[in-house]
Every structure is written in structure tokens, then in C-alpha cells.
Amino acid sequence: MIARMRAFVFRYFVIFCIAFASCKETPRQEVRRLPDGLLLGTATAAYQVEGAWNEDGKTENIYDYLTHTNTCYATDCGNGDVAANSYHMYKRDVEMMRELGIDFYRFSLSWNRLLPTSFPDKINQAGVDYYNNLINEMLKYNIEPVVTLFHWDLPQKLQQLGGWTNPHVVDWFGDYVKVAFELFGDRVKYWITINEPHQVCYYGYGTEMLAPALNLTGEADYLCAKNLLLAHARAYHIYDQEFRPKQDGMIFITINTEWYEPASDSDDDVEAANDLIQFRWGQYAHPIYSKSGDFPDVMKKRIGELSEKQGFLRSRLPEMSQEEIDYVRGTSDLFGLNHYSTYFSYRNVSTEQYYSQILGPSFNSDSGALTYQLPEWRIGESPITMYVPWGFYNLLTYIRNEYDNIPVFITENGMATHGGLIDNDRVTYYRGYMSAMLDAIEEGSNIMGYTAWSLMDNFEWLRGYTERFGIYEIDFEDPARPRTPRKSAYVYKEIVRSRTIDMNYEPDMSIPMTIDA
Ligand code: BGC
């Protein structure tokens, strides 16, 4: 009944969007002012940029292990051993932030660099020095650090102990983050607990696309989900109770929220889109941000019923006790949101027929919905970030309505290219998506920050160095790893400087990027 009502509300939301073309059209082509106080920044993550994989006491994480044991895990057989070499080049990185004039920079801590045994019995001073140097260098120039505690690089030792499927991970993560708050919390005021839980659990435990590449879908991905939520909540409570009173910062999780639009207004397609939202990111958003907490009803019901038909003695989605539900609910000061693209969603049989079959067990057969993207959404060489700004607008509007207009920090948004300094497609993407964000803000969405992913090219996980997200290009063939601003860097700088998006601004790239006074 509740599922039907939700589908009903969702359907009318979509019809409303179609009727009032604003969420369907390309953004308005004009000079648009950004609201005062909106923070603008860029981001990276430790494994993707730091390199120095075994230097100065750092030990092995799951990506070191995966890329060294399966040397062609990545499309180009690359790895993060050296990556962008930010461990040695952090001063140049901060110089780039100053060139752009950004308010903040989001980066992540490497657990193995700080705690070589994975536990707080030994703290690696060289790792502490590195992050202190980076943070202090940023603060010298009024660039706010936004620090992700976990961006996918779990210590390999903890993986051998089961990683996120072992309930003890809640203690391990809690012990680790406490060290981070103690070491850096006097200067770091924005903490992100975990980056993209669905990607960690589904792609890492349910498929082979991310480390640890277990490919145990329908089981390991759900065990991971519950433990990860509890670990996130542990970090929140530690900060809230022991550190916030003296350090006065904010702490939140970042969820990858792609937009799922019904392929038609049939009940089944509308329900397919709603189910995908619930399975792909509601699984994490609902327990934290909804009033009732817990996994979404549709997940509990479908996975429970299918598990029983499949002969399991209990649901493959582990139950959360009332105590656990209460422990997780409300544990995020903001909605940390990563967004890249949009998908049309549908079912090729009716929902009822679908669930009368016994498929799986797997995450995808549990959600039972299919997706596609339109070829005309592709605006560059890369197929992985299709250009659908109206989907971003719909997403932000949905979050405003669904979660009581919670403040949103957009912690990643960006587009891949295959290299080159004149990245006109990326410029189009940024202008279009920022403009869609402004549409949502004008209608009341409470958006406090926007982050361009990424400051520079980096190791793009499964795709190695073949897909480039940087607004600064890096020459990975050159041991000096030179960084060069792309056209998108010039355009982003102008957006930050003028606090406007001017669709027609053309930078003069013959003038070198300088640091404005
Ligand atoms: C991740 C980044 C990644 C980006 C582009 C996000 O899912 O947080 O680490 O590089 O997407 O694929």
C-alpha cells in the first residue's frame, strides 16, 4: 500500500515536471548569478592522486593489492603506485587551488598511511606530517579542507578479515576516525565519513568492478551495507559527542545519487524508477535521512519475499534492530551528494509478473528494473558521463521534497574526456549542470556547496588513466607529472571569480593561469 502511494506521488511529480517544462529543457542560456555564500571547490581522493604507495611507512590497501595481484585489473593495466604524485607535489596542488580561487578542496585520508597496522596501536608520523602539511598549506591561503575519511582504499589486512562484511568493521572504523579527529579536527571543519556506500558495497562486494572485487551479489553487498551504515553512524556519534563540542565542525556521508526517470508514465515504469532510487541510493539515504529510518520498505519486502522463495531461512538483506535503526537515523548534518548522470528506467514485464519469477539471488534481480540512456545525451568521446542536466534538476527537487529540504553539499559532479586541453564538452557540462543546480536553488533547494570532480586527472579505478576527469591535465608519461590547466579550469576560475555562469565567456588560454591577489 505504502509502495503504491509512493509510486503515485512519484508519478505526479514526474507529470508535473513534464507539464512545466523547466525540468526537461536544457538550461537557460544567460548570465546567471550564483547565490552569496555558495561554496565552490574541487575534489580528489587519496588512492587516485597520492601515489607513494609504499613510501614512508604506508602499508597495503585493497587497491594496492588488487592492482598488483591482477596487474590488468584496470583497462590500461595502470595502478595508483605513483598516480598524480600528490604525496610529493602537494604544494603545486595548493598552488592550483589558489589559481582557481576556490573556497575549499575535498581530499581523502589514506587509512594505511596514518595507521600502518590498520589499528591505532601505531601512528605513522610521516603520514601525519603529510596531511598536516597539506592542510596547513591550504589554510595559509584560506582554502577550507573538506576531508573524506574513507574513499574506498580499505587496508588489505582488514579485507583479509572480511572487510565491510565483518561487523567488527564498526569498531575498526570508529577507532581510525577518532585518530583523525584528534590529529586534524582542530583545523578541519567538514568531515565526510564514507564516499559512495553503494559503490563500495555493490561494485566492490557484489561485482568485480571495484576492489575487493568479490562478485558475491545479493549477499555480500547487503552485509556490507548494514555494517557500513553502522560504521558511518559510529563515526558520527564519536564526532558529535567527543569532538564537536570543542571542534565545532560538521560531519556527513556522501551518497552517489544518479537520477532514474521513468521511461514512460506507465505504472510499471514509474515503479521501476522509484525502485531504482530506493535500491541504488535510498538503501543508504533512507536509514539516515528519513523520519522512520531503516532500509526502504520496498527493499525489505522484495528481498524478504524472494529470499524465502529461493529457500533461504532469512532475508538476504540483514535486519536492523530498533536499536540499530535509532543509532543510524539522523546521523548526517547534511546531504553529501555526488552526481554524474541520469537513466531512463523501465520493466519489460509487469512488476507483478516480475516478482512471480524466481531469479537471482542478485542485487539486480532483487531490484528488477532496467535502465537505458539516449545516444544523444553523449556530448564527448567518453560514454561514461552522459549530459542530462534536467536529471540533476529533477534529482535536487526530489531530495528537497523527500528529505524536508535538508542542506545539500554537492561533493562531486563532473565529466570524463579522453584528454586534451581544449575540453569544450566539459565546459558545456559544468555550465549546464551548475545552471540546473541554480534552477533548483531558485525554487528553494538548500544547496550550500558545489564541487567539481576533479581538480586534476587521476587514477579512474577500473578505467585506469583512460578516462580523464581533471580540470587540470596531467602528463602521466612524464615522471615530473606536470599539471596544465584545461579550458575548463579557466572557465571554472571565472565562475569562482565573478560568481556568475556566463554561457558565452571565452577564456584567453594564451595567458598563463596566475594567482589573483
Ligand atoms: C568517485 C570518484 C570517481 C568519480 C568518477 C565517483 O563515483 O567518488 O572516485 O573518480 O566518481 O567516476
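The values are calculated or read from the model by the stated rules, or taken from the named source; none is laboratory data. A quick note: this is a predicted structure, and the numbers were derived from the prediction, not measured. Backbone-built Cβ (ideal geometry, glycine too); neighbour counts: all protein chains shown. Quick note on the areas: whole protein, heavy atoms, side chains included, nothing else; ligands and nucleic acids left out. Shrake-Rupley method; radii C 1.70, N 1.55, O 1.52, S 1.80 Å.
With the condition kept exactly as written, say whether any residue in the stretch 409-418 is within 12 Å of the ligand (Cβ to nearest atom) and among the small types (Gly, Ala, Ser). Looking for residues that are within 12 Å of the ligand (Cβ to nearest atom) and among the small types (Gly, Ala, Ser), one finds at least one in the stretch 409-418, hence yes. For the stretch 264-295, residues that are at positive phi and small (Gly, Ala, Ser) total 1. Restricting attention to the stretch 261-310, which residues are of a type in the set (Asp, Glu), touching a strand residue (DSSP E or B) at 6+ places or on another chain (Cβ under 6 Å) and within 25 Å of Phe335 (Cβ to Cβ)? Once the filter is applied, which keeps residues that are of a type in the set (Asp, Glu), touching a strand residue (DSSP E or B) at 6+ places or on another chain (Cβ under 6 Å) and within 25 Å of Phe335 (Cβ to Cβ), the stretch 261-310 yields only Glu261. Among the residues here, Gly336 qualifies as open to solvent by less than 40 Å² (accessible area, probe 1.4 Å), under 30 Å from Tyr239 (Cβ atoms) and within 16 Å of the ligand (Cβ to nearest atom). If you scan the stretch 95-117, which residues turn out to be buried (at least 23 other Cβ atoms within 10 Å of the Cβ) and hydroxyl-bearing (Ser, Thr, Tyr)? Tyr105, Ser108, Ser110 - these are the residues of the stretch 95-117 that are buried (at least 23 other Cβ atoms within 10 Å of the Cβ) and hydroxyl-bearing (Ser, Thr, Tyr).
Would you call Leu229 touching a residue at least 24 places away in the same chain (Cβ under 8 Å), in a helix (DSSP H, G or I), away from the ligand (no atom under 16 Å from the Cβ) and open to solvent by 10 Å² or more (accessible area, probe 1.4 Å)? No: the conditions fail for Leu229. Against the definition (part of a loop (DSSP other than H, G, I, E, B), open to solvent by 10 Å² or more (accessible area, probe 1.4 Å), touching a residue at least 60 places away in the same chain (Cβ under 8 Å) and not polar (S, T, N, Q)), how does Ile441 come out, yes or no? No, not satisfied. Checking each residue in the stretch 199-220 for being outside any helix (DSSP H, G or I) and either touching an Asp or Glu at 6+ places or on another chain (Cβ under 6 Å) or touching a residue at least 40 places away in the same chain (Cβ under 8 Å) (or both) picks out Met209, Leu210, Ala211, Pro212, Ala213, Asn215, Thr217, Gly218, Glu219. No other residue among Thr217, Thr254 is touching a Phe, Trp or Tyr at 6+ places or on another chain (Cβ under 6 Å) and within 23 Å of His198 (Cα to Cα) apart from Thr217. How about the stretch 184-200: which of its residues are hydrophobic (A, V, I, L, M, F, W, C) and over 15 Å from Tyr131 (Cα atoms)? Listed by number, the residues that qualify are Ile192, Ile194, Val200. Scan the stretch 449-481 for residues that are more than 9 Å from the ligand (Cβ to nearest atom), of a type outside the set (D, E, K, R), on the phi < 0 side of the Ramachandran plot and open to solvent by less than 10 Å² (accessible area, probe 1.4 Å) and the total you get is 10. Annotation: of all residues in the stretch 360-377 being of a type in the set (A, V, I, L, M, F, W, C) and free of Cβ contacts under 8 Å to residues at least 40 places away in the same chain, the one that is surrounded by the fewest Cβ atoms within 10 Å (Cβ to Cβ) is Leu374. Could you list, in sequence order, the residues of the stretch 399-432 that are open to solvent by 10 Å² or more (accessible area, probe 1.4 Å) and among the polar types (S, T, N, Q)? Within the stretch 399-432, Asn401, Asn405, Asn424, Thr428 qualify. Do we have any residue at all in the stretch 100-117 that's in contact with a Lys or Arg (Cβ under 8 Å, 6 or more places away or on another chain) and acidic (Asp, Glu)? Within the stretch 100-117, not a single residue is in contact with a Lys or Arg (Cβ under 8 Å, 6 or more places away or on another chain) and acidic (Asp, Glu). With respect to (1) open to solvent by less than 10 Å² (accessible area, probe 1.4 Å); (2) farther than 21 Å from Arg33 by Cα, the lone exception for Ser435 is condition (2). Scanning the stretch 48-73 for residues that are closer than 18 Å to Thr117 by Cα, of a type in the set (Phe, Trp, Tyr) and open to solvent by 10 Å² or more (accessible area, probe 1.4 Å) yields Trp53, Tyr65.
Just one of the numbered conditions (1) part of a helix (DSSP H, G or I); (2) open to solvent by 10 Å² or more (accessible area, probe 1.4 Å); (3) within 24 Å of Leu396 (Cα to Cα) is not true of Arg244: (3).
Looking at Arg497, is it open to solvent by 40 Å² or more (accessible area, probe 1.4 Å), away from the ligand (no atom under 16 Å from the Cβ), in contact (Cβ under 8 Å) with a residue 60 or more places away in the chain and under 29 Å from Leu334 (Cβ atoms)? Against the criterion (open to solvent by 40 Å² or more (accessible area, probe 1.4 Å), away from the ligand (no atom under 16 Å from the Cβ), in contact (Cβ under 8 Å) with a residue 60 or more places away in the chain and under 29 Å from Leu334 (Cβ atoms)), Arg497 qualifies.
Pairs meeting the criteria (first residue in the stretch 413-437 and within 22 Å of Gly336 (Cβ to Cβ), second residue among the basic types (Lys, Arg) and buried (at least 22 other Cβ atoms within 10 Å of the Cβ), beta carbons under 7 Å, at least 6 apart or on different chains) are Met415/Arg426; Ala416/Arg468.
Can you find, within the stretch 250-291, the residue that is nearest to the chain's Cα centre (by Cα) among those that are more than 21 Å from Tyr372 (Cα to Cα) and among the hydrophobic types (A, V, I, L, M, F, W, C)? Restricting to residues being more than 21 Å from Tyr372 (Cα to Cα) and among the hydrophobic types (A, V, I, L, M, F, W, C), the top hit is Ile255. Counting only residues that are touching a strand residue (DSSP E or B) at 6+ places or on another chain (Cβ under 7 Å), crowded, with 20+ Cβ neighbours inside 10 Å and not in a helix (DSSP H, G or I), the stretch 177-198 holds 8 of them. Among the residues of the stretch 284-297, are any within 16 Å of the ligand (Cβ to nearest atom), in contact (Cβ under 8 Å) with a residue 24 or more places away in the chain, of a type outside the set (A, V, I, L, M, F, W, C) and open to solvent by less than 10 Å² (accessible area, probe 1.4 Å)? Within the stretch 284-297, one or more residues are within 16 Å of the ligand (Cβ to nearest atom), in contact (Cβ under 8 Å) with a residue 24 or more places away in the chain, of a type outside the set (A, V, I, L, M, F, W, C) and open to solvent by less than 10 Å² (accessible area, probe 1.4 Å). Looking only at the stretch 419-435, decide whether some residue is among the aliphatic types (A, V, I, L, M), under 20 Å from the mean Cα position of the chain (by Cα) and not in a strand (DSSP E or B). Yes.
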